[in-house]
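Scroll down for the structure; my scribbles are underneath it.
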Amino acid sequence: MSISFEGQIPFYQYMDEQSEVVNTLPEWALIDETLVRYYQQMVIARQFDNKAIALQRTGQLGTYASSAGCEAIDVVTASLMKKEDVLVPYYRNHAMQMVRGMKLSEVLLYWGGDERGNSSPAQGEDFPNCVPIATQCLHACGVASAIKIRDQQRATVSMLGDGATSKGDFMEALNVAGVWQLPVVFIINNNQWAISVPRALQSIAPTLAQKALGAGIRGEQVDGNDVIALHQSVEQALIRAREGKGPTLIEAVSYRLSDHTTADDATRYRHPDALKTGWDKEPIKRLRDYLHAQGWWNESNETQWLQHTTTLIQEAVDQYLETSPQPASAMFDYLYAELPLQLKKQREIAIARSDKGVS
Amino acid sequence: MSISFEGQIPFYQYMDEQSEVVNTLPEWALIDETLVRYYQQMVIARQFDNKAIALQRTGQLGTYASSAGCEAIDVVTASLMKKEDVLVPYYRNHAMQMVRGMKLSEVLLYWGGDERGNSSPAQGEDFPNCVPIATQCLHACGVASAIKIRDQQRATVSMLGDGATSKGDFMEALNVAGVWQLPVVFIINNNQWAISVPRALQSIAPTLAQKALGAGIRGEQVDGNDVIALHQSVEQALIRAREGKGPTLIEAVSYRLSDHTTADDATRYRHPDALKTGWDKEPIKRLRDYLHAQGWWNESNETQWLQHTTTLIQEAVDQYLETSPQPASAMFDYLYAELPLQLKKQREIAIARSDKGVS
Amino acid sequence: MSTQQAICMVEAINLALHHAMRNDDDVVLLGEDVGTNGGVFRATIGLKESFGMKRVMDTPLAENMIAGLSIGMAAQGLKPIAEIQFLGFIFPAMEHIICHAARLRNRTRGRLSCPLVIRAPYGGGIHAPEHHSESTEAIFAQIPGLRVVIPSSPQRAYGLLLSAIQNPDPVIFLEPKRIYRSQNQIVEDNGQALPLDTCFTLREGADISLISWGAMIKETLEAADHLADEGIQCEVIDVASMNPLDRETILASVGKTGRCVIIQEAPLSCSVGSEIASLLASEALMDLRAPVARVAGYDTVMPYFRLEDQYMPLTIQIIDAAKRTMEFA
Amino acid sequence: MSTQQAICMVEAINLALHHAMRNDDDVVLLGEDVGTNGGVFRATIGLKESFGMKRVMDTPLAENMIAGLSIGMAAQGLKPIAEIQFLGFIFPAMEHIICHAARLRNRTRGRLSCPLVIRAPYGGGIHAPEHHSESTEAIFAQIPGLRVVIPSSPQRAYGLLLSAIQNPDPVIFLEPKRIYRSQNQIVEDNGQALPLDTCFTLREGADISLISWGAMIKETLEAADHLADEGIQCEVIDVASMNPLDRETILASVGKTGRCVIIQEAPLSCSVGSEIASLLASEALMDLRAPVARVAGYDTVMPYFRLEDQYMPLTIQIIDAAKRTMEFA
Ligand SMILES: Cc1ncc(C[n+]2csc(CCOP(=O)(O)OP(=O)(O)O)c2C)c(N)n1
Ligand SMILES: Cc1ncc(C[n+]2csc(CCOP(=O)(O)OP(=O)(O)O)c2C)c(N)n1
Ligand SMILES: [Mg+2]
Ligand SMILES: [Mg+2]
């Protein structure tokens, strides 16, 4: 017997659950700027979530998928992406969309059931929210292929959940990203749950990052509640991608602090202790304690920022609520570049019906 | 940084390309019985292939997928399976079907375009040939689930090609086999080609066996031209499966000695040198030389066996050619347990048309 | 669950599942969130508790895998009931459904079979996220070897699901989620199965045939009531089985009335409604006293929910179509 | 390839691919065996040599992946032409086709689009292995947001494929492989595209409309010849685009003839033929002087090839159906 392959998965953590530094800090983390910015954006995301859930509860928004617990992953990754990089998100990445410049009112529009929430000018070439699990991973590979074919220096980022790692799309994507050495970074938000199905029922593999080994690509596991570890992994992965050095799979270990969506009731399947443990590790408090300890953030900063955030979000809500729905004709106007005759007729009927107020 | 996972893939070989023993032989290989039987069956498979290709060339058979180059994998695996184990084959496993008791005439019937070639009594609960790539891997997991649900001591074997390892089905199957610890053995016939696409274009992973690591299950690579290595790996995997100790992925490294099928012309994409190297490693000659060296087989055995084989195959061909086609009604009779009215009417029409000799 | 209390469709489905699992050890359940959570619509609630994890399996997240596993199980003689969380997520499973489930019996000349039920909630009207509201029953109805069944009331859901489970062939069982909880009926838990290849005539009438299925039965019956007030007697037919289609009942009804409106939520083109109208064009032309009217969804992508109400066919459209059909000389 | 030599359909497709790649750097090709091997039917022969591996990609073996990749490429403004080796192997790709390719423009209100062509050989008649011979065009024809195109001659294959490539929306381009090499025509390599939403009237006639597409056009034209000898003038319509369907041409023809036979290789139920017949039942009832006749495949699984000839619709069936239709008073 000989050994024909050996592989391993590193785990990165710089700041533990008690906000203690456990690793030599990189230079950028020795100054306040980036970390404070991360913190501020994570707070916006968390506040936005609370508001969105409240809107849903009062019938002013559709089913909503909270990002509580993955703010660090989203904020850090989106911050490190360049404008010309391409984000191929799943449905839980509004924090990324926000950091990439999408208006909060546009995010609300999406969750309010309006396709215009997928068409923000700020989204540029980013993909819209992806609901069919894991399919986005292959779109990211397609985008990355185009980038490679055109010899561009851009990276593609595809986000997915732990549940999504069981679906063929993800594994096919890892494989083609490997064999074509595509400029793509896959980031798993391993929040331990796929609706009610716990991580342990998705795979017996001790890490999800090791799925990279099957595809012959680099895989890493990072503490997804630790912005510093995230920054280090994601930044290097993005650089490798842009430099044509191939794809990376990053498993960011987090915890879903909310129900799956507002349509879910996690108390049916999740023990309160598990949730409590999740809150003990959560990214915002962890960073706040660190910033406090460094003297980079204090109560008064906090109060001011919360005020600012509240205003910002309220403005977004107002703008969202004031946005009138699209006309009935919009059901037809974006289906094809040129509307076929049969649909022109159906469009007339839909407009007439709408004009009559029959609906 | 710490290491959160480490994994490796062993490679097994007992008899090298020159038929030299390179590893301590297991006891069973110290006596002639099993090895001679393996040899004899491999010869039948090879002769059968030649005949089938000739039949196709003369318009007496449909497109045919030769097993030249994977006889060792098929013969050893099928020999080690028990009757009550379940084979879930792909389209290149007639050597397995033959070892499991299917008549050669029935195998020909299949490749002659007749569904009865999927319904041999000898197939028992085995699945029919699978043409849609890699789908059989999930059927095998379903069979294995049933076995597990019913607390039976049976193993399921699923065969696939190297190309098939790129398709989601295979990777989803590995994953669920792992998390449910299913009694299934996956065997990749890595014959280096998926029609014209070489192994290197399927995956950048240096071994295909390492795809097991992503699923958290055991993966091994064996010399697929070495019956002894194959026997050792497959036997242990089958025992583990039957004992409820979980699944195994075995990558058997072989070489496709034929065109992909009779519809293919490999000279379009394969250098003759590559094919020559393939022939240098092939399993039948390798075993014959070894048997000769051991004094377990000689020219006269060979001549007799070839004669026997020729007769056997000719009988099968005759029987196949004498089998009249199914009646037109057979298009309807197995679609549903009970034929719906609309189809009863269509069945009448088809029978009438056939009776009129219009076709 | 008391059988004397009126229950809604999703409860009737749950009742049928309990019944089938209690009476046949070979019935097993698998899907995403069907175990501990009892299904996102609670259709499988209580089953894991009653029958254990071995028979009620929370699977990894992969519909292709769910279908493939189910086929393997079915070939071994289990009777798997697979849940696809929403019909919009069934597409990864298409290869297994079309190439294997629908063909296993045929390909093996009956040596193996595939007694499998795939359940999936479908259709619009509950303001769900993207991809959750489409009506794509016609994709399945055209696949030889499959049965496709859609209930329109709690009682029919119970009886049809039991039949689907007992049936030795693969059945796609589509549950119109808009009416999951909109109607309560007394459902006797008596194991009584309903036939899988028969339309249900919900209302007899000599003037015009209204043909529909699933959630649109609600609006169709409303329209029939309204039309009755205006003196038009509608025959209301619930197609229930999309494949095999009970052509005889439809032809008999239109043979009697000579007028027909087909009502569906699905887009118009190449749909089950197309098949019914084409049947009439081929085999009932001389009976038809007016063009076949069709009230259907538009040939568009189902709009995201803020425009959903603009898409859904309305009772008033059925009434208008029926009146126009009646006026035809 | 000389343009003045008569070529067959698969050569015309190859010519169109060369033309498109030569004239637009954004056109790229991907699929299984499309590169070095030039495709299992040789449709992509010479392209890798002319345009390089970057633009002609032999992919790993996964149709779902091929579709998903293509969507990502298309969203970046490339114009991918993906080959699915046989239509029977497209099903793994259904989720990407239905939920993404067909909807990308709509879901993003036009911010992104999906100028993608998926080519696939399909249909029976060449005694191929299992799963290689089905006609499932109706599954695609009913999906809003897709275009579905089927050529029936080398010239139309050339012109329609060029249009499909230029079209800014996803096109499923189905190639009837039974006639890949059965007919030779002079095809000018002039880049002339043919319209994607128009039926082709291949033969004018006042007595009866024969409506078909793809490989069955061959038998349909044969039948028309034969019927002409008997004094029956057939109008032969090649539908060509299954979606959007050119309803106007069909209605005009049947408006003129009052009689119609629809001919397809696909099974009868919920098919493109059903849609056409239903159109007539709804919008041309008063024009119809006889029931709409349909010559179609059976609602069975396509038999494995030894019985294939029993399945395929025949010229004589078309002739019989047309005569019966003509005899109708
Ligand atoms: C193909 C598909 N199947 C099922 C669903 C329904 N569904 C939505 S989210 C979800 C769980 C996803 O879990 P995970 O990937 O871990 O992401 P998370 O929501 O936890 O971030 C499921 C099953 C879907 N959207 N798409
Ligand atoms: C889903 C699917 N896609 C494509 C094909 C066409 N096809 C048949 S065999 C083959 C190559 C398979 O290669 P591999 O898995 O290595 O098996 P091998 O034939 O080499 O043993 C392809 C692409 C198919 N049968 N099924
Ligand atoms: Mg999760
Ligand atoms: Mg191979």
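Taken together, the values in this text are just the output of simple stated rules run on the coordinates, not laboratory data. From a predicted model like this one, the values you see are computed outputs, not experimental measurements. Counting neighbours? That spans all protein chains shown, and the Cβs are built from the backbone with ideal geometry, glycine included.
Computed quantities for the displayed model
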{"quantity": "Mean separation of Cα contacts under 8 Å, 6 or more apart, over the residue count of segment C:210-329: relative contact order %", "calculated": "30"}
{"quantity": "Partner lysines for D:Lys218 [C-alpha distance under 17 Å; skip if fewer than 8 residues away on the same chain]", "calculated": "D:Lys177"}
{"quantity": "Global size of segment C:9-179 as Cα Rg and Dmax, reported in angstrom", "calculated": "14.5, 45"}
{"quantity": "Net dipole in debye of segment C:209-277 [+1 Lys, Arg Cβ; -1 Asp, Glu Cβ; about Cα centre; nearest 20]", "calculated": "260"}
{"quantity": "Largest-first principal axis extents of the Cα set of segment D:250-329 (Å)", "calculated": "43, 25, 16"}
{"quantity": "At R0 = 30 Å, FRET efficiency that the Cβ-Cβ distance of A:Thr310 and A:Lys82 yields, to 0.05", "calculated": "0.50"}
{"quantity": "Among C:Val171, C:Met326, C:Ala277 - extreme Cα towards positive end, dipole of chain C, charges at beta-carbon", "calculated": "C:Val171"}
{"quantity": "Cβ-placed point charges (K, R +1; D, E -1), dipole of segment D:79-159 about Cα centre in debye, nearest 20", "calculated": "680"}
{"quantity": "C:Asn190-B:Glu338 FRET efficiency (beta carbon distance; Förster radius 25 Å; 0.05 resolution)", "calculated": "0.60"}
{"quantity": "Positive-end residue of C:Gln185, B:Ala293, A:Val176, charge dipole of the protein assembly as shown with Cβ unit charges", "calculated": "C:Gln185"}
{"quantity": "Across the identical copies, how the D:Phe328 labels are spaced - nm, sorted shortest first, 7 Å along Cα→Cβ", "calculated": "1.5"}
{"quantity": "Residue-count net charge about D:Gly77 - beta-carbon cut-off 12 Å; Lys, Arg +1, Asp, Glu -1", "calculated": "-2"}
{"quantity": "Residues with amide H under 5 Å from that of B:Thr156, placed H, sequence gap 5 or more", "calculated": "B:Val86, B:Val184, B:Val185"}
{"quantity": "Relative contact order of chain C, defined on C-alpha pairs under 8 angstrom at six or more residues apart (%)", "calculated": "16"}
{"quantity": "Label distances, nm, C:Asp25 versus same residue in remaining copies, Cβ-directed 7 Å point", "calculated": "7.0"}
{"quantity": "Candidates B:Leu230, B:Leu182, B:Leu291: whichever shows maximal mean-square fluctuation once chain B is modelled as a Gaussian network with Cα springs under 10 Å", "calculated": "B:Leu291"}
{"quantity": "Nearest-to-axis residue of chain B, judged by beta-carbon position, where the axis maps B onto A, in Å", "calculated": "B:Gly168, 1"}
{"quantity": "For C:Ala228, label point 7 Å along C-beta direction: distances to other copies, nm", "calculated": "5.9"}
{"quantity": "Phi to ³J(HN,Hα) by Karplus 6.51 cos²θ - 1.76 cosθ + 1.60 over segment B:237-252, Hz, x for Gly, Pro", "calculated": "5, 5, 5, 4, 4, 4, 8, x, 9, x, x, 9, 10, 10, 9, 9"}
{"quantity": "Span from the segment C:67-104 Cα centroid across to the segment C:231-269 one, whole angstrom", "calculated": "30"}
{"quantity": "Point-charge dipole on Cβ atoms (K/R +1, D/E -1) for the protein assembly as shown, about Cα centre, debye to 20", "calculated": "180"}
{"quantity": "Contour minus Cα-Cα distance for C:Glu327 and C:Glu222 (0.36 nm per residue)", "calculated": "35.8 nm"}
{"quantity": "Partners for A:Lys167 among lysines (Cα-Cα distance below 20 Å; same-chain residues under 8 apart left out)", "calculated": "A:Lys211, B:Lys167, B:Lys211"}
{"quantity": "Pair A:Ile239, A:Ala352: separation of 7 Å Cα→Cβ label points (nm)", "calculated": "6.5"}
{"quantity": "Top of B:Ala200, B:Ala95, B:Ala52 by mean-square fluctuation, Gaussian network on chain B, Cα under 10 Å", "calculated": "B:Ala200"}
{"quantity": "Between segment B:32-46 and segment A:304-330, the Cα center-to-center distance that results, in Å", "calculated": "76"}
{"quantity": "Amide hydrogen neighbours beyond the local backbone of D:Ser209, cut-off 5 Å, H modeled", "calculated": "D:Glu235, D:Arg259, D:Cys260, D:Val261"}
{"quantity": "Cβ-based net charge around C:Gln310, under 12 Å, with every Lys or Arg adding one and every Asp or Glu removing one", "calculated": "+1"}
{"quantity": "MRE, 222 nm, helices only [DSSP H, n ≥ 4, -39500 (n - 2.57), over the protein assembly as shown, to nearest 500]", "calculated": "-12000 deg cm²/dmol"}
{"quantity": "Exercise: per-residue mean of other protein chain Cβ atoms within 10 Å, D:135-145", "calculated": "6"}
{"quantity": "Distance from segment A:141-210 to segment A:51-91 (C-alpha centre basis), Å", "calculated": "18"}
{"quantity": "³J(HN,Hα), Karplus 6.51/-1.76/1.60, whole Hz, each residue of segment B:68-74, x for Gly, Pro", "calculated": "4, x, 10, 4, 5, 4, 5"}
{"quantity": "Charge context of D:Asp207, other residues only, Cβ under 9 angstrom, K/R +1, D/E -1", "calculated": "0"}
{"quantity": "Positive-end residue, the protein assembly as shown charge dipole about Cα centroid, Cβ charges, pick of B:Gly69, B:Pro272, D:His132", "calculated": "D:His132"}
{"quantity": "Relative contact order (percent, whole number), chain B, Cα cutoff 8 Å, 6+ residue spacing", "calculated": "22"}
{"quantity": "Under 20 Å from B:Lys82, Cα to Cα: lysines that are on another chain or at least 8 residues apart", "calculated": "B:Lys103, B:Lys148, B:Lys245"}
{"quantity": "Exposure proxy order (Cβ contacts within 10 Å, fewest to most) of B:Ser67, D:Ser274", "calculated": "B:Ser67, D:Ser274"}
